[in-house]
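First comes the structure, then the notes that go with it.
What follows is calculated from the coordinates using simple rules that are stated; it is not laboratory data. Predicted, not measured: the structure shown is a model, and the values here were computed from it. Positions of Cβ are generated from backbone atoms using ideal geometry, with glycine treated the same way; all protein chains shown enter the neighbour counts.
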């Protein structure tokens with residue numbers, strides 16, 4: 001998973017729950033309701049897109065004799081086959 | 001000298017038949033050893049252990065005895081490391097080895113290659129000794145266990161790179177949580193020195209930046225193969241890991257101390273991966289649920305708005321007419337242009353209502369039907385959002401993207417969300 005597409009999924013879910021609660025308020029004006037709904041839909045779209053595309057790396061960790069940590073793609077798996085940003 | 005004189009003084013070959021041909025002690029012992037080894041195969045011998053002694057390099061010396069006889073035994077370190085624990089004095093064991101002669105001292109002995117106590121005796125003994133020690137230190141205390149991360153991004157797997165366990169873990173994580181970065185820390189998971197490799201791999205894994213949890217695992221195997229997960233070195237490394245550890249060793253029936261000390265035990269490697277990786281399908285369901293909740297919320301807001309508008313539209317003409325009547329009375333025939341002005345104002349007001357309603361429709365949840373959702377309503381047009389609202393035999397409408405379906409409920413099944 002690259003840092004660029006990082007999305008805090010849990011935060012998104014929490015925000016959606018908050019929006020849903022706000023939409024439930026009886027004193028909510030229509031404009032406000034529409035704005036909340038639009039924001040919620042945008043969050044949903046982001047989260048769905050992230051779920052569709054996010055892809056992690058599978059790497060093997062190699063501790064060198066000098067104590068440094070190196071990584072290399074794990075042989076015999078297709079871990080980086082769907083990884084758009086490995087390297 | 002004649003040939004006959006030569007023969008007289010030549011030393012005769014030692015054959016042990018006369019004092020002159022006596023053989024050496026070395027030759028005797030060597031011969032006896034050859035004889036023994038050529039004629040007696042390696043075999044299992046049962047008896048009771050006494051005088052157990054461990055030398056500095058790790059060799060074990062002991063005596064095996066029964067009520068009538070005893071025999072010395074030597075168990076060299078190269079084989080004895082497999083012992084889970086040194087047996088207790090008087091313990092009934094079977095040893096496998098070669099009956100032979102220690103030439104230097106002419107001592108009959110067994111060179112032991114394996115030693116097994118009755119049943120799982122030694123394994124149990126070692127397990128119980130360490131279990132007791134860990135319990136006394138509080139390392140088995142449930143309060144020590146840390147919760148697993150609910151949404152991990154990076155997970156380290158400590159296992160053999162060539163094992164089936166790794167394959168299982170990777171395929172479950174790819175399927176359930178494809179976004180997770182998996183870092184594999186290879187170590188041997190059986191044999192001499194495996195415990196030290198496991199410790200090193202656990203230390204590396206726990207110290208990697210951003211790692212949320214560690215899976216320590218290996219597939220099934222004989223008690224002996226799984227033993228390194230009962231060794232103190234391994235168990236303490238699990239307890240000391242900086243991030244939560246899920247441990248799955250062997251089959252469900254095998255319980256190792258590493259698993260008991262870990263923050264979570266899993267029955268199999270696949271289950272360990274399931275405990276770590278949230279299911280993307282379930283997350284999608286949650287998002288779909290959230291979209292329905294949003295839609296319902298907006299629909300309610302719209303309904304409330306419509307109600308207000310309708311009330312307004314109903315009340316307005318009446319109050320306008322009343323005002324008009326009053327105005328007419330006041331103007332007394334002079335205000336003929338006024339009604340036209342009021343009608344125009346009303347017309348403008350209606351136009352604005354229509355514009356707002358159009359915008360509502362565009363944003364209403366019905367627009368999201370285009371994504372493939374269906375909305376069920378009762379014949380009165382009320383939303384049916386729960387199976388509780390469906391009576392078997394009752395009729396309902398299912399509104400879809402391009403029309404609606406008239407349907408009848410056959411049966412319902414409630415699922416706990």
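Checking each residue in region B:174-189 for being farther than 11 Å from residue A:57 by Cα and within 11 Å of chain A (Cβ to nearest Cβ) picks out B:177, B:185, B:186, B:187.
Among the conditions (1) within 14 Å of chain A (Cβ to nearest Cβ); (2) out of contact with any strand residue (DSSP E or B) (no Cβ under 6 Å at 6 or more places or on another chain); (3) assigned to a loop (DSSP other than H, G, I, E, B), residue B:161 misses just one, which is (2).
Against the numbered list (1) touching a residue at least 24 places away in the same chain (Cβ under 8 Å); (2) outside any helix (DSSP H, G or I); (3) loosely packed, with under 14 Cβ neighbours inside 10 Å, residue B:115 comes up short only at (3). Is it the case that some residue within region B:136-148 is more than 10 Å from every other protein chain (Cβ to nearest Cβ), surrounded by 16 or more Cβ atoms within 10 Å (Cβ to Cβ) and within 27 Å of residue A:62 (Cβ to Cβ)? Checking region B:136-148: at least one residue is more than 10 Å from every other protein chain (Cβ to nearest Cβ), surrounded by 16 or more Cβ atoms within 10 Å (Cβ to Cβ) and within 27 Å of residue A:62 (Cβ to Cβ).
Scanning region A:8-48 for residues that are at the interface with another protein chain (Cβ under 8 Å from one of its Cβ atoms) and touching a residue at least 24 places away in the same chain (Cβ under 8 Å), which turns out surrounded by the most Cβ atoms within 10 Å (Cβ to Cβ)? Top of the filtered list is A:40.
Residues checked against (1) without any contact (Cβ under 8 Å) to a residue 24 or more places away in the chain; (2) not in a strand (DSSP E or B):
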residue: B:41; (1), (2): yes, yes
residue: B:48; (1), (2): no, no
residue: B:53; (1), (2): yes, no
residue: B:57; (1), (2): yes, yes
residue: B:63; (1), (2): yes, no
residue: B:78; (1), (2): yes, yes
residue: B:83; (1), (2): no, yes
residue: B:90; (1), (2): no, yes
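Selection of region B:254-291 for residues being in contact with a strand residue (DSSP E or B) (Cβ under 8 Å, 6 or more places away or on another chain) and more than 29 Å from residue B:240 (Cα to Cα) yields an empty set. Quick check: anything in region A:51-66 touching a strand residue (DSSP E or B) at 6+ places or on another chain (Cβ under 9 Å) and more than 7 Å from every other protein chain (Cβ to nearest Cβ)? Yes: one or more hits. If you go through region B:92-103 and pick out every residue that is surrounded by fewer than 17 Cβ atoms within 10 Å (Cβ to Cβ) and free of Cβ contacts under 8 Å to residues at least 60 places away in the same chain, you end up with 4. Checking every residue in region B:213-220 against the condition of being facing chain A (nearest Cβ under 9 Å), in contact (Cβ under 8 Å) with a residue 12 or more places away in the chain and under 18 Å from residue A:58 (Cβ atoms) gives zero matches.
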